[in-house]
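Take a look at the structure set out below.
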């Protein structure tokens with residue numbers, strides 16, 4: 001287990017995060033939000049601004065996730081080093097559990113936001129609702145990840 005953790009830690013520091021690719025991230029490269037047009041009610045501008053807001057929230061969440069992932073690996077490594085014969089080492093660790101939780105959360109966000117935008121399906125505001133929902137949920141998840149890191153950090157534990 002100890003050697004496997006070292007390998008995963010080395011790969012994690014070099015690899016991009018494990019979150020599934022967002023197909024929308026490449027759908028509209030170079031999207032520019034015209035806030036004045038959005039404020040005046042231009043639907044296309046509002047959608048572009050909502051997309052840009054979602055992309056920014058997703059980027060911030062990805063950074064928080066990377067910090068959490070690195071910390072979870074370090075915690076597992078510390079436990080494996082200090083307690084090599086512990087029953088802890090045969091159960092899923094911090095890292096594996098974070099990955100599993102994040103995959104489940106990503107699926108939940110996709111489905112939840114699709115449902116939230118159904119009432120507007122087929123209309124010009126559907127994408128606006130979808131992007132707004134995803135941005136809001138990304139900000140909430142970012143806060144959860146930050147709190148997780150803070151709680152499990154040595155200075156955060158009491």
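The values are calculated or read from the model by the stated rules, or taken from the named source; none is laboratory data. For clarity, every value in this text was computed on a predicted model and none was experimentally measured. Note that each Cβ is placed from the backbone with ideal geometry, even for glycine, and that neighbours are counted across all protein chains shown.
Does residue 73 meet the test of being closer than 30 Å to residue 34 by Cβ and more than 15 Å from the chain's Cα centre (by Cα)?
Working: closer than 30 Å to residue 34 by Cβ: no; more than 15 Å from the chain's Cα centre (by Cα): yes.
Here the answer is no, as residue 73 does not meet what is asked.
What tally of residues in segment 83-102 results from selecting those that are over 14 Å from residue 68 (Cβ atoms) and either modelled with pLDDT of 85 or more or not in a helix (DSSP H, G or I) (or both)?
Here the count works out to 6.
From the set of residues in segment 99-142 that are within 27 Å of residue 76 (Cα to Cα) and free of Cβ contacts under 8 Å to residues at least 40 places away in the same chain, which is surrounded by the most Cβ atoms within 10 Å (Cβ to Cβ)?
105
Would you check which residues across segment 53-65 are touching a helix residue (DSSP H, G or I) at 6+ places or on another chain (Cβ under 7 Å) and over 21 Å from residue 126 (Cβ atoms) and list them?
60, 61, 64, 65
Free of Cβ contacts under 8 Å to residues at least 60 places away in the same chain, surrounded by 15 or more Cβ atoms within 10 Å (Cβ to Cβ), assigned to a helix (DSSP H, G or I) and in contact with a helix residue (DSSP H, G or I) (Cβ under 6 Å, 6 or more places away or on another chain): which single residue out of 38, 68, 50 fits that description? Steps first, answer last, please.
Values: 68 fails: free of Cβ contacts under 8 Å to residues at least 60 places away in the same chain; 50 fails: free of Cβ contacts under 8 Å to residues at least 60 places away in the same chain.
None of the others qualify; the one that does is 38.
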